[in-house]
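Have a look at the structure below before the remarks.
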Amino acid sequence: MSATTLGHYSGGSTVIAGIQTITGTVSNDSATNVTTGANSIAGGSFSDASGLPSVIQNTGNNVLIQNGVIVNVQMKP
């Protein structure tokens, strides 16, 4: 396909802002007589990964983990 033909099918030039509002709370929690462990990522853990891998680790107690990903893809002829 020529660049001219491909340009006809292009997505345009509109800018879209990705906004995430992540609001979480942890309150009135307690932890007694607890044991936490260790986190580790071994060598080669992502050797066959594809896409957008994400890792979230936690060894604590009463923890709020929030994660958000915004991916903007722009293709140009």
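So the values come out like this:
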read-out	value
Test: Gly51 is within 30 Å of Thr5 (Cα to Cα) and under 14 Å from the mean Cα position of the chain (by Cα)	yes
Filter result for Ile65 (under 16 Å from the mean Cα position of the chain (by Cα), modelled with pLDDT of 90 or more and part of a loop (DSSP other than H, G, I, E, B))	yes
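The values are calculated or read from the model by the stated rules, or taken from the named source; none is laboratory data. A quick note: this is a predicted structure, and the numbers were derived from the prediction, not measured.
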